[in-house]
Amino acid sequence: MSSYADRFAAAVQVLIADGPVKQRLADAYSQHLADLTEADLPPGMRRDFAELQTAISRAAPAGYATPVRASVQKMSPREASGHAATILKLYVELMGGLERAEPLKVVAPPRKAPRYLSGR
């Protein structure tokens, strides 16, 4: 498994833990995904990740809050859940790309068993 897949797996573990969705989202992103860039991911995942990055860091920090914490606190629980679902979706896509086996080989259909083996 790639280190990026490991990081998304760790983020998903944080997302499925106990606690408010906003806190889990901020922790998952801050601890495991914040330093990733679009270029780190396969082309098909870049747009969703860029949108996640934009949404999760758009608010200016206030006091001791980070941009991520400030942005997540301004989200509705539904919006935070949607971004958490995006992280899960990206993880699933990343795992699908890593675990693909080589294409299936076409094989000939089985031959009919000889009479002496089939008992007829």
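The values are calculated or read from the model by the stated rules, or taken from the named source; none is laboratory data. Small disclaimer: the values here were computed from a predicted structure and weren't measured. Positions of Cβ are backbone-derived with ideal geometry, glycine not excepted, and every protein chain shown enters the neighbour counts. To get the accessible areas, we keep the full protein, side chains included, count just its heavy atoms, and leave off ligands, DNA and RNA. Shrake-Rupley method; radii C 1.70, N 1.55, O 1.52, S 1.80 Å.
Looking at the chain, the accessible area is 69 square angstrom per residue; that uses a 1.4 Å probe and ignores ligands, DNA and RNA.
To put it simply, the accessible area of the chain at a 1.4 Å probe is 57 percent carbon and sulfur. For the pair Arg47 and Ala113, label points projected 7 Å from Cα toward Cβ lie 5.3 nm apart.
The structure-derived value of mean projected area of the Cα convex hull in nm² appears in the list [x] 11.6; [y] 12.3; [z] 6.8 under the label [y].
Each residue was assigned an accessible area with a 1.4 Å probe, and for Asp18 the value is about 150 Å².
Measuring r between the beta carbons of Gln73 and Ile16 and using R0 = 30 Å, the FRET efficiency lands at 0.90.
Which of the listed residues, Ala5, Val92, Tyr116, is farthest toward the dipole's positive end in the chain, when Lys, Arg count +1 and Asp, Glu count -1 at the beta-carbon? Of Ala5, Val92, Tyr116, it is Tyr116. Taking each residue as 0.36 nm, the span from Glu38 to Met95 lengthens on full extension beyond its C-alpha to C-alpha distance by 18.8 nm. Loop-resident chymotrypsin sites (Phe, Trp or Tyr not before Pro) (DSSP state other than H, G, I, E or B) in the range 21-104 with no more than 12 further Cβ atoms inside 10 Å of their Cβ: Tyr64.
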